[in-house]
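Colleague: Handing you this structure, nothing more for now.
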Amino acid sequence: MKSYRILVLPGDGIGPEIVREAVRVLTVAGQRYGAAFTLTEAPVGGASIDRAGVPLTEEVLKTALDSDCVLMGAVGGPKWEGLDYSVRPERALLRLRKELGLFANLRPAKVYSALANTSTLKREVVEGVDIMVVRELTGGLYFGTPRGVETLPDGRERGVNTLVYTTPEIERIARVALGIARKRRKKLTSVDKANVLEAAELWRKVVTKASKDYPDVTLSHMYVDNCAMQLVRDPRQFDCIVTENTFGDILSDEAAMLTGSIGMLPSASIGDSHHALYEPIHGSAPDIAGKNIANPVATILSVGMMLRYSFDMDGAADGIERAVCRALDKGLRTADIYQGGTKKVGCKEMGDAIVGELSGKG
Ligand code: IPM
Ligand code: MG
């Protein structure tokens, strides 16, 4: 039997409760599909600041580097918002992405038929939407230097961030996206702002060149402002989207809302090495933390992505997706996706139902 080491980082807010359900699903998936998972749990983000004074300790980083992959909940909350940027909870996530070399962030936005009515857009616009946003994750505006706030001699302050990409950084994310598009509907939209930004002009050139090795994939280019509009106008035109770090941060939240709730969407962060990190795309939602009302599905589906991308366990990943669909088809809904005529359940009950479906006792 194959055995894997997984670092589990529940984090802050609703992180611990959603991760708890996802870990139960992972354990059952291991039993059913024949893999052994050794889990190590550690604090990260605000939880780590409270215990160790920093959002990510060197020890936890080392454990991450020694693990086969990381399962993460969410970080941050009002308690730590006043801190300097260099020690905010979010730094833990950014540092993990950078140190593990996770330059590609896969964010699928898929509309479940059972939930199409919970979207704020009309059913006929969102029904059947199935988009994969591939976000560049370790470069661009998030990491570029120079950065910071300086005080000028006349007392004015000046804040700086830099949007920078090198050819290899663009090429490797383009190849990941082209490879994913190839396994889907073979359509890739590269999103940039090449009408204004030089870095985006380079982006467009390099993506176009890389696409020559994928003649079966149809590549098109779109400006980011237009893409934001097209996503709500006619989202079904998209198959796979590849874009810069910040654009991807924004567009993936927008794409998420097409599906009805950001509480449904998983993500995978991968790179060239065997390292990977799996997390829901939503945040720590401190306002509902500890109340058993959070939706664990995004984190559970992130476990599905882990089994698929890190461990080649496609059957187990399909099993988890099917179990989620069955729980939804039976009318179970957490508060974020609740509608009249369905059954409102808590985080734990949703976890119970999915575990039940997965182990064949649903
Ligand atoms: C995300 C989040 C993070 C990001 C934050 C928490 C640093 O919004 O994963 O999309 O901006 O990348
Ligand atoms: Mg975000």
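Colleague: Looking at G248, G304 in this structure, which one is within 19 Å of A104 (Cα to Cα), free of Cβ contacts under 8 Å to residues at least 60 places away in the same chain and among the small types (G, A, S)?
Modeller: Answer to the selection: G304.
Colleague: List pairs: first in region 165-185 and in the same structural domain as L102 (by TED's automatic domain parsing) and under 18 Å from R135 (Cβ atoms), second open to solvent by 70 Å² or more (accessible area, probe 1.4 Å) and of a type in the set (D, E), Cβ under 7 Å, 6+ apart or cross-chain?
Modeller: Here the result reads none, with nothing in region 165-185 linked to a residue that is open to solvent by 70 Å² or more (accessible area, probe 1.4 Å) and of a type in the set (D, E).
Colleague: Go through S284, S267, S302 for me and flag whichever is assigned to a strand (DSSP E or B), crowded, with 17+ Cβ neighbours inside 10 Å and among the small types (G, A, S).
Modeller: S267
Colleague: Any idea which of (1) touching a residue at least 12 places away in the same chain (Cβ under 8 Å); (2) part of a loop (DSSP other than H, G, I, E, B); (3) away from ligand 2 (no atom under 16 Å from the Cβ) is the one D312 doesn't satisfy?
Modeller: (1)
Colleague: If I ask for residues that are more than 9 Å from ligand 1 (Cβ to nearest atom) and open to solvent by less than 30 Å² (accessible area, probe 1.4 Å), which ones from region 244-264 would you list?
Modeller: If the condition is that a residue be more than 9 Å from ligand 1 (Cβ to nearest atom) and open to solvent by less than 30 Å² (accessible area, probe 1.4 Å), then E244, L251, A255, A256, L258, T259, G260, S261, G263, M264 are the ones that fit.
Colleague: Kindly indicate whether K110 is at pLDDT below 95, more than 16 Å from ligand 2 (Cβ to nearest atom), basic (K, R) and touching an Asp or Glu at 6+ places or on another chain (Cβ under 7 Å).
Modeller: Yes.
Colleague: In addition: If K183 satisfies every condition in (1) at pLDDT 95 or above; (2) among the charged types (D, E, K, R); (3) closer than 19 Å to D239 by Cβ but one, which is the exception?
Modeller: Condition (1) is where K183 drops out.
Colleague: Only one residue in D272, D253, D287 is among the acidic types (D, E), at pLDDT below 95 and assigned by TED's automatic domain parsing to the domain that holds G73. Which one?
Modeller: From the options D272, D253, D287, the qualifying one is D272.
Colleague: Continuing with the same structure: Could you list all residues from region 212-244 that are under 27 Å from T162 (Cβ atoms) and over 24 Å from the mean Cα position of the chain (by Cα)?
Modeller: none
Colleague: For region 246-294, give me each residue that is under 19 Å from Q230 (Cα atoms), within 13 Å of ligand 2 (Cβ to nearest atom) and touching a Phe, Trp or Tyr at 6+ places or on another chain (Cβ under 9 Å).
Modeller: Across region 246-294, the qualifying residues are T246, D249, A255.
Colleague: Just checking, which of G101, G77, G73 is in contact (Cβ under 8 Å) with a residue 60 or more places away in the chain, under 19 Å from I18 (Cβ atoms), assigned by TED's automatic domain parsing to the domain that holds G271 and out of contact with any strand residue (DSSP E or B) (no Cβ under 8 Å at 6 or more places or on another chain)?
Modeller: The unique qualifying residue is G77.
Colleague: Another question, if that's okay. If you go through region 325-342 one residue at a time, do you hit one that is under 26 Å from R5 (Cα atoms) and open to solvent by less than 10 Å² (accessible area, probe 1.4 Å)?
Modeller: The answer is no; no qualifying residue exists.
Colleague: Which numbered condition trips up R308, out of (1) touching a helix residue (DSSP H, G or I) at 6+ places or on another chain (Cβ under 6 Å); (2) within 16 Å of ligand 1 (Cβ to nearest atom); (3) within 19 Å of A29 (Cβ to Cβ); (4) open to solvent by 10 Å² or more (accessible area, probe 1.4 Å)?
Modeller: Among (1) touching a helix residue (DSSP H, G or I) at 6+ places or on another chain (Cβ under 6 Å); (2) within 16 Å of ligand 1 (Cβ to nearest atom); (3) within 19 Å of A29 (Cβ to Cβ); (4) open to solvent by 10 Å² or more (accessible area, probe 1.4 Å), the lone unmet condition for R308 is (2).
The values are calculated or read from the model by the stated rules, or taken from the named source; none is laboratory data. Everything quoted here is computed from the prediction, not taken from an experiment. Virtual Cβ from ideal backbone geometry, glycine too; neighbours counted across all protein chains shown. The accessibility values were calculated without ligands, DNA or RNA, using every heavy atom of the protein model including side chains. Shrake-Rupley method; radii C 1.70, N 1.55, O 1.52, S 1.80 Å.
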